[in-house]
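The values are calculated or read from the model by the stated rules, or taken from the named source; none is laboratory data. Quick caveat, the model's predicted, so the values are computed rather than measured. Here the Cβ positions follow ideal geometry from the backbone for every residue, glycine too, while neighbour counts run over all protein chains shown.
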Amino acid sequence: MNPTVKNTLAVLGGWIIGSIVNLGLVQTGYALLPLPGVDDPQDMEAIAQVMPTVGIEYFIFPFLAHALGTLCGALTAGWIAATRKMLMALLVGGVFLIGGIVASQVIPAPVWFVVADLTLAYIPMAWWGGSLAVKLGRSTRNFQNNR
C-alpha cells in the first residue's frame with residue numbers, strides 16, 4: 001500500500017479508536033457519577049449550567065476520557081503508520097487538542113481543569129502513544145529478524 005495512503009488511514013483510524021475510547025469513558029463517568037440536575041447527558045445546555053457547581057470528582061472521567069482516548073488513538077496511528085510513526089501519533093493528538101479547545105469554549109469548566117486538560121491530556125499523551133508505537137515497531141522487527 002502507498003505509504004501516504006497508509007499514513008492517512010493510520011491517522012483516521014487513530015482518531016476513530018481514540019474517539020471510541022473517549023466516548024466510552026465519558027459514558028462510564030456519567031453512569032457512575034450522574035451530574036445532578038442533568039437527565040440527558042446529551043443536553044449540552046443543562047451540562048453547561050451544572051458544571052461550574054460540581055466538585056472535582058466530576059472532572060476525573062472527562063480528563064481520563066481525553067487523556068486515554070488520545071493515548072489509544074496515537075498508539076493506533078503510530079502502530080498502523082508506514083512511516084513517520086511519531087508524526088502520525090502527534091497529528092492525532094493535535095486533532096484531539098483542537099476538539100478539547102472547542103469543548104472548553106462550549107462547556108464551561110473551572111480554569112484549573114481547562115489548563116490541566118489542554119496541557120496534559122493531548123500532546124503529552126500523543127507523544128507517549130507515539131513512543132510506544134515506535135518501540136512496538138522496533139520490537140516486532142527484532143522479533144521477525146530473529147526467527
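For segment 45-62, the tally of residues that are in contact with a helix residue (DSSP H, G or I) (Cβ under 8 Å, 6 or more places away or on another chain) and within 15 Å of Q27 (Cβ to Cβ) stands at 4.
Taking segment 46-62 as the range and being modelled with pLDDT under 85 and not aliphatic (A, V, I, L, M) as the test, only P52 passes.
Just give me the residues in segment 17-40 being surrounded by 12 or more Cβ atoms within 10 Å (Cβ to Cβ), aliphatic (A, V, I, L, M) and in a helix (DSSP H, G or I), in sequence order. Please lay out each step first, then the result.
Going through segment 17-40, the residues surrounded by 12 or more Cβ atoms within 10 Å (Cβ to Cβ) turn out to be 17-30, 33-35, 38.
Keeping just the survivors that are aliphatic (A, V, I, L, M) gives 17, 20-21, 23, 25-26, 33, 35, 38.
I17, I20, V21, L23, L25, V26 - these are the residues of segment 17-40 that are surrounded by 12 or more Cβ atoms within 10 Å (Cβ to Cβ), aliphatic (A, V, I, L, M) and in a helix (DSSP H, G or I).
Filtered by the rule that a residue be part of a helix (DSSP H, G or I) and under 27 Å from T4 (Cα atoms), segment 101-130 gives I123, P124, M125, A126, W127, W128, G129, G130. Restricting attention to segment 119-142, does a residue exist that is more than 26 Å from P41 (Cα to Cα), in contact with a Phe, Trp or Tyr (Cβ under 6 Å, 6 or more places away or on another chain) and buried (at least 17 other Cβ atoms within 10 Å of the Cβ)? For segment 119-142, residues more than 26 Å from P41 (Cα to Cα), in contact with a Phe, Trp or Tyr (Cβ under 6 Å, 6 or more places away or on another chain) and buried (at least 17 other Cβ atoms within 10 Å of the Cβ): present. Please determine whether any residue of segment 81-90 is in contact (Cβ under 8 Å) with a residue 24 or more places away in the chain, closer than 30 Å to N7 by Cα, of a type in the set (V, I, T) and not in a helix (DSSP H, G or I). Yes: segment 81-90 contains one or more residues that are in contact (Cβ under 8 Å) with a residue 24 or more places away in the chain, closer than 30 Å to N7 by Cα, of a type in the set (V, I, T) and not in a helix (DSSP H, G or I). Candidates in segment 65-84 are the residues that are closer than 13 Å to F96 by Cβ and of a type in the set (S, T, N, Q); of these, the one that is surrounded by the fewest Cβ atoms within 10 Å (Cβ to Cβ) is T76.
Restricting the search to segment 27-48, which residues are β-branched (V, I, T), in contact (Cβ under 8 Å) with a residue 24 or more places away in the chain and farther than 18 Å from Q105 by Cα?
T28
Can you pull out the residues in segment 95-118 that are without any contact (Cβ under 8 Å) to a residue 40 or more places away in the chain and surrounded by fewer than 15 Cβ atoms within 10 Å (Cβ to Cβ)? Once the filter is applied, which keeps residues that are without any contact (Cβ under 8 Å) to a residue 40 or more places away in the chain and surrounded by fewer than 15 Cβ atoms within 10 Å (Cβ to Cβ), segment 95-118 yields I98, I101, V102, Q105, V111, W112, V115.
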